[in-house]
1. Along Cα→Cβ, 7 Å out, is where each label goes; now give me the distance between the ones at residue 282 and residue 247 in nm to one decimal.
2. Is the shape of the range 231-282 best called rounded, prolate or oblate, per the rule: a/c under 1.5 gives rounded, else a/b larger than b/c gives prolate, else oblate, with a ≥ b ≥ c the square roots of the Cα gyration tensor eigenvalues?
3. For the range 239-318 and the range 9-63, what is the separation of their C-alpha centers, rounded to whole Å?
4. Only residues of the range 324-347 count here: report those whose backbone N is under 18 Å from the spot 7 Å along Cα→Cβ of residue 49, or say none.
5. Across the range 143-212, how large is the tail of the calculated P(r) beyond 14 Å, expressed as a percent of all Cα pairs?
6. Using DSSP, restrict attention to beta bridges with both residues in the chain and report what percent are antiparallel, rounded to the nearest 5.
7. Strictly over 22 Å apart at the Cα level, which of 198/239; 198/252; 61/104; 184/239; 181/252; 61/198 would you flag in this model?
8. Please list 307-315, 183-191, 89-97 highest first by mean number of surrounding beta-carbon atoms within 10 Å per residue.
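Please treat every number below as a calculation from the coordinates, not as lab data. Just so we're clear, the structure is a prediction, and the values are computed from it rather than from any experiment. As a convention, Cβ positions derive from the backbone with ideal geometry for all residues, glycine included, and neighbour counts pool all protein chains shown.
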Amino acid sequence: MLILGIETSCDETAAAVVRDGYEVLSSVIHTQIALHAPYGGVVPEIASRSHIEMAPRVIRKAIEDAGVSFGDIDAVAATYGPGLASSLLVGFSAAKGLAVALGKPLVAINHIHAHVQSAFLPPPGPAAANPVGARPDSQALPLLALVVSGGHSTILDIAEDGVPRILGQTLDDAAGEAFDKASKLLGLGYPGGPAIQKAAEAAPAGAARPRFPAGHIEAGNPALAGLDPALCFSFSGLKTSLRSYLERNPAKSQEEIAIVASAYQDAIVGALASRVERALSTRRHRAIAVGGGVSLNAALRARLKEVAAAAGVPIFLPLPKYCGDNAAMIASLAGTGVGIWGDAAMALDVDPGLTFDFA
Ligand code: KG4
Ligand code: ZN
């Protein structure tokens, strides 16, 4: 089963060809970071206009890099949500057109579910060189998944039926957004995550540092909508406390900025890790998987490995190239039979607010 995957939910135009779910024959990602950097965040109209320009080239390159032809493709998978409506429309419409032209089924994929799948993707190359075993994802069920990106911070329970259900989520900003906003306040540029990480790594060990709140949530908060506050996140207060700290203590030297960045990163990593720890305390899950742009963060990866080891469960972290938005995760998930297939997918509109049921 050879699947062409297409991903355009935010600011990456991506296409990939994956065989039988796990053999990544090609993965092409065109990032628009440079286009949005002057604005300090993604500008939806700029994103969709760049997708429409780049999608044909990116898709053609994915086919060429895979060493296959369009006629070899068995299904066309694309993200239909969540994401920016105008960005989703470009990739999903392109996939519809291709599926019709090739006479092959369309597969509509949930972007967040695909981020979980990215943790199970082996490096590109022939299957023989990647003995990951059959369906490593299914052997990890029930799975605890953490998806942390610029738009999402979600803890999912993926039960034996393979269906993700929400255990916890952010009540306001996403973890990546918290990194991006802090980076702006510290004058470190966009995207913020890598900039904060780099600054934090330069912080001198043992220096006195500020403490930022880890986002405690009151049980009665109506935004919880029934979810356990101990499994949810709130990052907007963190950003506010950084702003007021910087007003009181303007960070002047590189070293001061590094110390503040490190304390701020610790607050986010601590908040994420403590929720995961709490979710694992039910002893229900056989493994943890992490995905999304923030899963690239070295401090988070190290901390979550400790949490997993303490709970005695294996942790699946994506290769760096699969942490951010990519299409290999889309084609891979479709290759495991997940998604909405055929005429049902053809009848769908994009769904910018697509979510899961609560666990
Ligand atoms: O998954 P992604 O590429 O796009 C979205 O779907 O949002 O995630 C992008 C987010 C940005 O907020 C970026 O600052 C963050 O991931 N990010 C990081 C790191 N690299 C990217 N956050 C923390 N540490 C990193 N090293
Ligand atoms: Zn994403």
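1. 4.1
2. On the way: a/c = 5.83, a/b = 2.22, b/c = 2.63.
In terms of gyration-tensor shape, oblate.
3. 27
4. Zone members listed by number: none at all.
5. So the pairs more than 14 Å apart make up 68 percent of the total in the range 143-212.
6. 60
7. Numbers: 198/239 19 Å; 198/252 17 Å; 61/104 20 Å; 184/239 11 Å; 181/252 18 Å; 61/198 32 Å.
With Cα atoms farther than 22 Å apart: 61/198.
8. Ranked from most to least packed, the peptides come out as 89-97, 183-191, 307-315.
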